[in-house]
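The values are calculated or read from the model by the stated rules, or taken from the named source; none is laboratory data. All values reported here derive from a predicted model rather than from experimental measurement. Note that we place each Cβ from the backbone using ideal geometry, even for glycine, and neighbour counts take in every protein chain shown.
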Amino acid sequence: MGLLDTESFFDGFGFAPYAARFKWKRNVVDDREERYPVKRPLLRFLEDLARGRFPRRWEPKTRKFLKDDDWLLLDLEKGRRGDRRALTRM
């Protein structure tokens, strides 16, 4: 996934909210994220995408948030055998 501008920058994974749900063991990344709290976590962004909440960008001319078309998103399609495959869509 390409980083296009500051709105697209992730400053960490954001493991803490998911650790109990997925039974992840604590590691050095958790220590770092505790010392330097994550403001734009990648995992929350990916979860939002999976739930159909797509990124928006600020448009200064209209002073509104608009659909952000600069993202490469994955469109999951069911294959013949029931498996999921990703198709790229812009």
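Residue by residue through the range 11-45, note down the ones that are aliphatic (A, V, I, L, M) and loosely packed, with under 14 Cβ neighbours inside 10 Å.
Ala19, Ala20, Val28, Val29
Within the range 31-51, does at least one residue satisfy the condition of being at pLDDT 90 or above, in contact with a Leu (Cβ under 8 Å, 6 or more places away or on another chain) and not in a helix (DSSP H, G or I)?
no
Where the second residue is in a helix (DSSP H, G or I) and the first is among the basic types (Lys, Arg) and lies in the range 31-44, which pairs have Cβ atoms under 8 Å and are six or more apart or on separate chains?
From the range 31-44, the pairs are Arg44/Pro17.
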